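A.B. asks: What follows is a single structure, and I will ask about it in a moment.
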Amino acid sequence: MFKLALYSLLNRRSSAILTVFAIALSVLLLLGVERVREQVRANFANTVSGTDIIVGARTGQVQLLLSSVFHIGSMTNTLSWNSYEYLQELPQVRWHIPLALGDSVGGAPVVATTNDFFEHFQYGSRQPLEFATGEHFSGPTDVVVGALVASQQGHEVGAGITIAHGAGGISFSQHDTHDFQVRGVLKATGTPVDKAVYIPLEGLALVHDEVTGTPATDSGHDHDHDHAHDNEHMDEHSSPTQTLSAVLLGLESKPYAIRMQRQINTYTMEPLTAIMPGMTLQQLWQTLSVFEQALFVITILVVITGLLGMLTTLLASLRERRREMAVLRAVGAGPGTIFTLLVSEAVLLTLLGCVAGVVGLYAAQLIAAPLLAEQLGLSLSVTGLQANEWALLGLVLIAGILVSLFPAWRAYKLSLADGLTVKL
Amino acid sequence: MSSCVRIRDLRFRWPGATDLLLDIPQLDIAAGERVMLRGPSGSGKSTLLSLLAGIYAPQQGSIELLQQNLASLSARQRDKLRAHDIGFVFQQFNLLPYLSALDNVLLGSQFSRQRRQRIADSGETLTGAAERLLTELGIVAAIQQQPAHTLSVGQQQRVAVARALLGKPALIIADEPTSALDAERRDEFLQLLFKECEQQQTALLFVTHDASLASHFSRHLELAEINNAHQNHTGESSNV
């Protein structure tokens, strides 16, 4: 029966190919959207690991998470060095990483931090950062670059590098007087870490002519954009910089994070926001879920469109195939066989469409993966079909069979009425 | 000689029609017999064939095929009986255009285990039997593999005969199979058809409007003579 259906389809191959193509495209979209959605989630979830609390100035939770770890968006408020010192003194704090953001090198964000970053920051399933070449900071003009930045901009250990002021790709004020030197290159992580350049906090002060411990005089700085380390107030502390964008904290015991979050949020000296990355990520997904659902509904509609195309093709073919059905009836096929033949055709078309769609998905992934990794730092892993993807394919197939019931029923009726002689 | 077709008091009208189309008190075809049924178009020939094929059921009377009353069979059983024991050859469009000539012939055995069994009993393979029939009907090996739509009309009709004959059915019903052929081809076609039917002991019911073919047949029936319907337009009178 399948053989007959196959030959019959081959006989109408141009419309069959178009139908398969439409189904393939819709399957490609359905699986592709699902895949990207899940991988984006996995990528986000992988980006930060082991960090229990992120602290920033009073701001939105999602905004703090996105700007501090993902370098998406900019932070308008800063927290003071005093607050950082307060955070360090909190009980249960095992490690702390200060982050000052706002500069860029050839479009790559510059993260001013301390060597604690390389020691304590973790991604994926608690993997620490590793150096591909070189090592961490040992002087104020040392620079460590992420893997992607290194490969894109061609940085090597020992080479000079100029840090620009401001977050834009092209900066109007190049701090040419302060050339830095690449000290280390990080191994690729598949996270935004790869896309950033790391300098010591002391180096940042050099960039901005902040001289450690100097009394407060705004030393002719005329950058008036939002910036994490403008010289708002110099204080008497011996601090490498006056303001920070965010502080990452690791705790001795995870459950303590909730208590500490409340404690930091109610800190009276400065309005602060403390977030737990995992929780905030959940919050982000909830915000995005409406969008995701809309996207999913659209892909479902595309699949339905593809199947409706098949329905149209099958119905249109019935007229020209009444002779074919009469021949089959004459050699002893019952109307049930005609029904089965039509359903078999739909199964074949849908199956071929699914196979072509999956092949297309992998092809698209192989082509797109390097681009996505390069442009967005998004690593798409080319995996086999997951259980939920098999389920989606199964649903498409079932939907295809259901759709075919209508033309099959029509064919059944026609073959009953026509018998052996077609009254065209 | 045993009976192949036995019709008694058959009455048929289309649903919704007031007039009877067929009213046949009696029609018998013996096994292996060669019968020509003649009638003008629109006289109910095709309908009678559909009744014999079990596609439609008569309102009254009985049709027996190989001693089986069609009325007592389900639609599915009638389909099976047709698959096993009746071969059809129509005026045209007998073949699936996208299958090869050989595959078209093999189609005849696809829906009938009995036909396959009979071929196996005679010591042939399915393909072997199909190829032999085609060759005997003048379709040479090279043409057997060609898609049916590339064949000439005469070739297509002979392929249809081969399919109808495959697996030794009891009856071949041929509905104007020669009307698309010229006179010379027509006689050649008939000779081949007769020869194969005789070899297999298959009865032949040959339906045509062409009276000049009568000399080829052992028996010649006029539908108008066996069908009372057109004489009794009220359709209500008894005719037994």
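A.B. asks: Would you point out the residue of the stretch B:115-137, among those that are crowded, with 22+ Cβ neighbours inside 10 Å and away from every other protein chain (no Cβ under 14 Å), that is farthest from the chain's Cα centre (by Cα)?
C.D. replies: It comes out as B:Ala129.
A.B. asks: For the stretch A:321-335, does any single residue satisfy the condition of being away from chain B (no Cβ under 14 Å) and hydrophobic (A, V, I, L, M, F, W, C)?
C.D. replies: Scanning the stretch A:321-335, I find no residue that is away from chain B (no Cβ under 14 Å) and hydrophobic (A, V, I, L, M, F, W, C), so the answer is no.
A.B. asks: Now for a separate question. If a residue has to be buried (at least 18 other Cβ atoms within 10 Å of the Cβ) and in a helix (DSSP H, G or I) to count, how many in the stretch A:87-99 make the cut?
C.D. replies: Qualifying residue count, the stretch A:87-99: 1.
A.B. asks: Counting just the residues of the stretch B:90-114 that are more than 9 Å from every other protein chain (Cβ to nearest Cβ) and buried (at least 24 other Cβ atoms within 10 Å of the Cβ), which one comes out farthest from B:Asp175 (Cα to Cα)?
C.D. replies: Per the stated criteria, the residue is B:Ala101.
A.B. asks: Further question on the same structure: Exactly one of (1) assigned to a loop (DSSP other than H, G, I, E, B); (2) at pLDDT 85 or above; (3) of a type outside the set (S, T, N, Q) is unmet by B:Asp9. Its number?
C.D. replies: Condition not satisfied by B:Asp9: (1).
A quick yes/no check of all residues on (1) outside any loop (DSSP other than H, G, I, E, B); (2) farther than 17 Å from A:Val111 by Cβ:
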| residue | (1), (2) |
| --- | --- |
| A:Ser14 | yes, yes |
| A:Ile17 | yes, yes |
| A:Arg35 | yes, yes |
| A:Val40 | yes, yes |
| A:Ile54 | yes, no |
| A:Thr76 | no, yes |
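A.B. asks: For the stretch B:43-79, enumerate the residues that are of a type in the set (D, E, K, R), surrounded by fewer than 19 Cβ atoms within 10 Å (Cβ to Cβ) and within 12 Å of chain A (Cβ to nearest Cβ).
C.D. replies: B:Arg76
A.B. asks: Only one of A:Arg319, A:Arg323, A:Arg259 is farther than 30 Å from A:Val110 by Cα and assigned by TED's automatic domain parsing to the domain that holds A:Asn77. Can you tell me which?
C.D. replies: A:Arg259
A.B. asks: Return the residues of the stretch A:280-320 that are aromatic (Phe, Trp, Tyr) and either touching a residue at least 12 places away in the same chain (Cβ under 8 Å) or within 14 Å of chain B (Cβ to nearest Cβ) (or both); say none if nothing qualifies.
C.D. replies: A:Trp285, A:Phe296
A.B. asks: Taking the options B:Val153, B:Val140, name whichever one is under 23 Å from A:Ala330 (Cα atoms) and either away from chain A (no Cβ under 14 Å) or over 17 Å from the mean Cα position of the chain (by Cα) (or both).
C.D. replies: Going through B:Val153, B:Val140 in turn, the sole match is B:Val153.
The values are calculated or read from the model by the stated rules, or taken from the named source; none is laboratory data. Everything numeric here is computed off the predicted structure, so don't read it as measured data. Cβ atoms come from the backbone with ideal geometry, glycine included; neighbour counts cover every protein chain shown.
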